[in-house]
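First the structure, in the form of structure tokens, and then the observations on it.
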Amino acid sequence: MSIRIYVPGDSAALALGADMVADAIVAEASARGVEIELVRNGTRGLLYLEPLVEVATASGRVGYGPVDVADVPGLFEAGFHLGQDGHPLALGLVEQIPYLAKQQRLTFARAGITDPLSLADYEAMDGYKGLRNALGMEPAAIVAAVTASGLRGRGGAAFPTGIKWNTVLKAQAAQKYIVCNADEGDSGTFADRIVMESDPFVLIEGMTIAGLAVGATRGYIYVRSEYPHAIDQLNRAIGIAQANGYLGVDVMGSGRTFHLEVRKGAGAYICGEETALLESIEGKRGVVRAKPPLPALSGLFGQPTVINNVLSLAAVPLILDKGAAYYQDYGMGRSRGTLPVQLAGNIKHGGLIELAFGVTLRDILYEYGGGSASGRPIKAVQVGGPLGAYLPESQWDTPLDYEAFASLWAVLGHGGIVVHDDSADMAKLARYAMEFCAIESCGKCTPCRIGSTRGVEVIDKITANEDRPKQVILLRSLCDTMLNGSLCAMGGMTPYPVLSALNHFPQDFGQVAGDQQAA
């Protein structure tokens, strides 16, 4: 009987040599006369252990990692293919690794467990149950279930998903669209990529349910060009779904139609903004549209359009399978369900952590992250991507909750967390935020286009001590203009990292704490 061995095919594992490890395992097994079945699974999200090789045993899957090609002969010598723990890389049962065992995996329940392109694997772990239920419901009932679950947008704005769907449902049009924003460009984020590479069918199922709910017959997944493996995986999964009747003109024999295709972005950060994304899909330059009209009423090609993030759509199948109450039981306040936290930067144990809303930043940094990778004290944490605020230690006991973070003048965004130790220069990081905005701005509005360029110049004068007190006042005034005058969040949120760095770490700007502190 062959021994089943799992080697991830996720981008993070591939970057660390997973393909070579897989080849080495096959060659070594052949040389030793050991019969194996090699499965290329997705990632569990324990990126600090990649490549994480797993062996199926009667007790469960036993893990070894991080595995290098040079480790393979020694692993076989130690009996790893039999699940033995005599090798230094042995981790025991993967499900019992504390980093994973303490999580609440809802959206990522299958990630790292299944062969991402095996429809049988997907269905064996409750795949397509949500769609089956949805096909027996009226569109309004599907929307009502999503609304009752409390699901909010996971892309950053946290807008209630059900309200957006209801608007599109009620809109009168011959053609409607579902658009998935997979332009995951925020620093320290990779949850969308893991869904697309490790469990693509859940996104396909979620988008199909969305189409049934609002009367849309066509969907587009807009993926950033820097994700070639995700694009390939999605295209292959769409082909499999279509060949098996889960997409096309007769979804699961229901007579309902839903077509789906992938569109590749061209490297512009601004195309993560929903209206710039629509412009890009239409073949135009990625420039932000003025609102109104809202995309829900006049979106792609001028038609009513649902635009949701990967994580929002990937949460939908579970809600339609187990019910709105099941999903709503997780979380706190108005933040229901789970948040896939992505831990990156100067952190010992980087990776994906899916937890119910309410966990604190401190727990994530130390209980899961293990502290800084450098061993130095953590100084600041940026949450919510390059436009998120820098949080000092005094704010790390705040629960991860949309409203709690808003009260700090901070955002959860897409759940990305980037860690900096005490060697970080916050003035340089503030300058980078302005420079990033200047480079990535679509240029349509003056506060963003010109304000970010002036921001770089003003911060340079502050750090050079050129009339510093007046320059600090000017920087605050400039941030106020960008915050209130920009057309979209690109310019409107750039002040978040700048002012949080200035307010919480004034010494890095050559100031004494309290000087020109914002009210």
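The values are calculated or read from the model by the stated rules, or taken from the named source; none is laboratory data. This structure is a prediction, so every number in the text was calculated from the model and none was measured. Cβ atoms come from the backbone with ideal geometry, glycine included; neighbour counts cover every protein chain shown. In case anyone asks, the SASA skips ligands and DNA or RNA and just uses the protein heavy atoms, side chains included. Shrake-Rupley method; radii C 1.70, N 1.55, O 1.52, S 1.80 Å.
Matching residues to (1) part of a loop (DSSP other than H, G, I, E, B); (2) under 19 Å from G351 (Cβ atoms):
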residue: M1; (1), (2): yes, no
residue: D19; (1), (2): no, no
residue: A22; (1), (2): no, no
residue: A27; (1), (2): no, no
residue: G42; (1), (2): yes, yes
residue: A56; (1), (2): no, no
residue: G63; (1), (2): no, yes
residue: D71; (1), (2): no, no
Counting only strands (runs of 3 or more DSSP E) wholly inside segment 309-407, the ones holding at least 3 residues that are within 21 Å of L49 (Cβ to Cβ) are 338-345, 351-356
Kindly indicate the residue of segment 216-258 that is among the acidic types (D, E) and within 25 Å of the chain's Cα centre (by Cα) and also nearest to E274 (Cα to Cα) among those meeting that condition. E226
Output the number of the condition that I459 fails; it satisfies all remaining conditions of (1) open to solvent by 20 Å² or more (accessible area, probe 1.4 Å); (2) within 22 Å of K379 (Cβ to Cβ); (3) not hydroxyl-bearing (S, T, Y). (1)
Which one is surrounded by the most Cβ atoms within 10 Å (Cβ to Cβ), of the residues in segment 324-363 that are without any contact (Cβ under 8 Å) to a residue 40 or more places away in the chain and within 27 Å of P377 (Cβ to Cβ)? D363
Within segment 396-433, considering residues that are among the aromatic types (F, W, Y) and surrounded by fewer than 22 Cβ atoms within 10 Å (Cβ to Cβ), the one nearest to K379 (Cα to Cα): W396
Checking G92 against (1) without any contact (Cβ under 8 Å) to a residue 24 or more places away in the chain; (2) surrounded by fewer than 18 Cβ atoms within 10 Å (Cβ to Cβ), the condition it does not meet: (1)
All but one of (1) open to solvent by 10 Å² or more (accessible area, probe 1.4 Å); (2) modelled with pLDDT of 95 or more hold for C180, so report the exception by its number. (1)
Here the residues within segment 295-308 that are assigned to a helix (DSSP H, G or I) and in contact with a Phe, Trp or Tyr (Cβ under 8 Å, 6 or more places away or on another chain) are L300, F301
Please work out if R105 is closer than 23 Å to E197 by Cα, in a loop (DSSP other than H, G, I, E, B), basic (K, R) and modelled with pLDDT of 95 or more. yes
So which residues in segment 400-425 are among the acidic types (D, E), within 18 Å of the chain's Cα centre (by Cα) and under 23 Å from C479 (Cα atoms)? none
When T147 is run through (1) at pLDDT below 95; (2) of a type in the set (S, T, Y); (3) not in a loop (DSSP other than H, G, I, E, B), the failure sits at (1)
